[in-house]
1. Of the residues that make up the stretch A:32-49, is at least one out of contact with any helix residue (DSSP H, G or I) (no Cβ under 9 Å at 6 or more places or on another chain), more than 9 Å from chain B (Cβ to nearest Cβ) and not β-branched (Val, Ile, Thr)?
2. Would you mind finding the one in B:233, B:244, B:220, B:239 that is on the phi > 0 side of the Ramachandran plot and open to solvent by less than 10 Å² (accessible area, probe 1.4 Å)?
3. Considering only the stretch B:312-327, how many residues are surrounded by fewer than 20 Cβ atoms within 10 Å (Cβ to Cβ) and within 13 Å of another protein chain (Cβ to nearest Cβ)?
4. For the stretch B:247-285, what are the residues that are surrounded by 19 or more Cβ atoms within 10 Å (Cβ to Cβ), within 14 Å of another protein chain (Cβ to nearest Cβ) and not charged (D, E, K, R)?
5. Is the stretch B:159-175 home to any residue that is under 20 Å from residue B:100 (Cβ atoms), more than 26 Å from the chain's Cα centre (by Cα) and not in a loop (DSSP other than H, G, I, E, B)?
6. Would you please list the contacts, defined by Cβ atoms under 6 Å and residues six or more apart or on different chains, that run from a residue in the stretch B:205-227 that is charged (D, E, K, R) to a residue that is in a helix (DSSP H, G or I) and open to solvent by less than 50 Å² (accessible area, probe 1.4 Å)?
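The values are calculated or read from the model by the stated rules, or taken from the named source; none is laboratory data. The structure displayed is predicted, hence computed values, not measured ones. Virtual Cβ from ideal backbone geometry, glycine too; neighbours counted across all protein chains shown. Areas reflect the complete protein model, heavy atoms only, side chains present, ligands, DNA and RNA absent. Shrake-Rupley method; radii C 1.70, N 1.55, O 1.52, S 1.80 Å.
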Amino acid sequence: MKYDIILAGVGGQGTLSVAAIIASAALKQGLTVRQSEIHGMSQRGGAVVSHLRLSDGPIDSDLIPLAGGDLLLSMEPLEALRHISYLSPSGSLISAAEGVENIPVYPGMDKIREEILSQPGARIVDARSIARESGSLKAVNIVMIGAASESIPISRENFIAAIDERFRSKGEKVQEANRRAFELSLAEACGAGS
Amino acid sequence: MSDIVLLGDEAVALGAVHAGISAAYGYPGTPSTEILEFLIDYKTRHGAPHAAWCSNEKTAYEDALGVSFVGKRVLVTMKHVGLNVAADPFVNSGLLNIRGGLVLAVADDPGMHSSQNEQDSRFFAEFAKIICLEPRNQQETYEMTLEAFELSEKFHIPVMLRLVTRLAHSRAIVKVGAKRDENSLSKPEEKRGWMLLPATARQNYLDLLEKEKEMLAWAGDSARNPLENARGGKKYPLGIITSGLGRNYYDENLPELSSEIPRLHISAYPLPRNKIRTLAAACERIIVIEEGYPLIEEKLKGILEQDITISGKLDGTLPRTGELTPDAVRRALGLEARQLRSEPGMELPGRPPQLCQGCPHIDTYQAINEAIGDDSHAVVTSDIGCYALGALPPYRAIETIVCMGASIGMAKGAAEAGVQRVVATIGDSTFLHSGITSLVDAAAADTPMTVVILDNGTVGMTGGQETILPTSRVHRMIEGLEIDPAHIRSITPLKKNAEENRRIIAEEIDHPGLSVIVSIRECIETAKRDKKKAAQEGQA
């Protein structure tokens, strides 16, 4: 088994935290993990991409080959489109709905949505409203993990354990809200799939 | 043995702790920064080994030499362009009789994710005639760090550990062992090994050339340079040489390669000439897959006696610039391209990095822009750091970015060439790194120019490390140069001060001598971080 995830977003959105939580859940599952990240200059409001590779055997390359990705998980819709060539023809594409419009000319959101949804296996998640429903607007990234969790070969329990661990230092209330965000989003994703 | 998830950088740091270092030094630079950050954090929690940032890479390397001189093990860290700054002590250190293991971990940045150039540090190791180890994953990084200290003490030379961005900033599980004790203090009795007077240096250089023979023999036998599948007597159409991450990308494609291909993987330099010759004797063509410059590829011609086709970066089989990728290696191996999804039918605008919202540099640059107005003859130089992002729209406030500290020297040159209005912009950490010496030159000559030090109290670009001196001491240092006190000014870059700041900068630009303006306001990111930390501590 191998499962390759391309995580995209904008510097400051928490793309690397999302990668870290999925990686930690994968380790609980007993998988081998390689996670490549971007530090330094690119993080300042620029485009960010992380390659996360999971396998039950050894992993050679830190980088996912073109058309090799099983999942493209994007925290931002325009950034989802930037990495399409890394996604395999049968892979899943999950993007957050809300754009980060920190560039002079940001293309029309309708056009971006249309492009995303024209890709096979694509889904747009209204992460903000699910996060609001869960009681914490800060839980947007956990909502994205919940939405993607159904596609990733890691058990729900291991995801929850990784999320709990991540927010342990913030207290039970924050942990609870994030757990709820994950569950709500997962339930929504299952609903969308049926 | 235990399993830990580590960044490549962190694997170096933990390897060094387990190798029994007594100290570690460096200057922050992407992608090397996390090595020393890990060690500083380790020191905070465990009390030792000593770990600290230095003014620049040269001072870091010299500190490390001092630790080694008295017999203890030491790690020094920097990015590839930092090694240019440390080149003087580094190259000379090859001539020293190292007894306390000295390891230089240097992180290259092929693809220039966060750098001015792509230079390949393996050339520097070769230049200094020392051993270079090039790990390809986190496990090897940890193990090779331990090995590097052993080799340093075995051959009495510094050893370079060469990383690249993709390894430095990638995480994986590492099996780690126990910590070795530190060396005890022991100054060398025989002093020649550390004295580079011409007479002694000549002898030391002869010694180095003798050691080089031993190093060549060692690299030829090292299990770090495995030669596989080259069976004697048989001739293969293709042979592969990989090094560093090149092997990962080759292995990634391996399941799709049909026939058995001889392969030599090189991760310990100097080059294992015997194995290269054995491989070449078994093949008609060799493809060299290496991360960085074509170092191995260029060397092959001098090592091989026979005429053999060598492919790699020089003949375009692999791209000459940028990072290697599994796909570039796939093409080089002649494998068919994979079927890609259809690209979006719209232009995707780029999303470059930018100054953070509320960053004090924005206000400083706006004030400079307004002070200069539409004078296209004016020159505004700048330097390496967050504030380099002032080059991008909407500010377009600066005209040069070359290397750490160059802004002040370049401004002096432009003024001496006859430009009337010259402004140098430089961050406080870069100023302390290598701007200060140029300011000494400018102060000595009273060059008619204006130096603006953008003092945000931190090394911003690499994640907010502490600068080596606080603002108050930077001020006193400048005053100590005896620049006319009337022309050492301070401003606070805030919207409400815009007009006053513009006026001060304009006045100093018109002053026919040297002016220094220190623009002081804390980095918005570190201010946020400190506030958050204080709130958390308040809760606890």
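1. no
2. Sole residue among the options that is on the phi > 0 side of the Ramachandran plot and open to solvent by less than 10 Å² (accessible area, probe 1.4 Å): B:244.
3. The total comes to 1.
4. B:248, B:249, B:250, B:253, B:265 - these are the residues of the stretch B:247-285 that are surrounded by 19 or more Cβ atoms within 10 Å (Cβ to Cβ), within 14 Å of another protein chain (Cβ to nearest Cβ) and not charged (D, E, K, R).
5. There is no residue in the stretch B:159-175 that is under 20 Å from residue B:100 (Cβ atoms), more than 26 Å from the chain's Cα centre (by Cα) and not in a loop (DSSP other than H, G, I, E, B).
6. From residues that are charged (D, E, K, R), the pairs are B:211/B:155.
Let's see how each residue does on (1) in contact (Cβ under 8 Å) with a residue 24 or more places away in the chain; (2) more than 7 Å from chain B (Cβ to nearest Cβ); (3) in contact with a Phe, Trp or Tyr (Cβ under 8 Å, 6 or more places away or on another chain):
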residue	(1), (2), (3)
A:81	yes, no, no
A:87	yes, no, no
A:100	yes, yes, no
A:108	no, yes, no
A:114	no, yes, no
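Yes/no per residue for (1) part of a loop (DSSP other than H, G, I, E, B); (2) open to solvent by 60 Å² or more (accessible area, probe 1.4 Å); (3) within 14 Å of chain A (Cβ to nearest Cβ):
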{"site": "B:340", "(1), (2), (3)": "yes, yes, yes"}
{"site": "B:350", "(1), (2), (3)": "yes, no, yes"}
{"site": "B:355", "(1), (2), (3)": "yes, no, yes"}
{"site": "B:363", "(1), (2), (3)": "no, no, no"}
{"site": "B:368", "(1), (2), (3)": "no, no, no"}
{"site": "B:380", "(1), (2), (3)": "no, no, no"}
